[in-house]
Amino acid sequence: MSILKLEVHDVLTLKKVHPCGGQQWRVIRVGVDVGVKCLTCGRFVMVPRRKLERDVREILRGGNRLKPFESLLEM
């Protein structure tokens, strides 16, 4: 089993577009549910980790662009 390593302040690009038109979200809280904030409109939502992991296309962490498979933790 592997899970996606997410850190606070990561910027995620998701597959689905938010109703405001934004695709990029900043990670605010990490746990079983992940708190993310839309960078376009500022909306904050809590998303179950499993659902979010399926929808991530790219992770921007410290100026580096990572694909989801590059940020996996093996359990």
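The values are calculated or read from the model by the stated rules, or taken from the named source; none is laboratory data. Only a predicted model underlies this, so the values are computations on that prediction, with no experimental measurement involved. Cβ sites come from the backbone with ideal geometry, for glycine too, and all protein chains shown count toward neighbours.
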- Counting only residues that are over 12 Å from the mean Cα position of the chain (by Cα), within 19 Å of Leu73 (Cβ to Cβ) and β-branched (Val, Ile, Thr), segment 1-50 contains a total of 2
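I'd like the full set of residues that are touching a Ser or Thr at 6+ places or on another chain (Cβ under 8 Å) and loosely packed, with under 11 Cβ neighbours inside 10 Å, limited to segment 45-75. If you could, list the steps in order and put the result at the bottom.
If we filter segment 45-75 for residues that are touching a Ser or Thr at 6+ places or on another chain (Cβ under 8 Å), which is where we start, we get 56-61, 72-75.
Correct list: Leu73, Glu74, Met75.
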- Glu58: modelled with pLDDT under 95 and of a type in the set (D, E, K, R), yes or no? no
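For segment 21-35, enumerate the residues that are in contact with a Gly (Cβ under 7 Å, 6 or more places away or on another chain) and on the phi > 0 side of the Ramachandran plot. If you could, list the steps in order and put the result at the bottom.
Keep residues of segment 21-35 that are in contact with a Gly (Cβ under 7 Å, 6 or more places away or on another chain), which gives 28-29.
Result: no residue meets the conditions.
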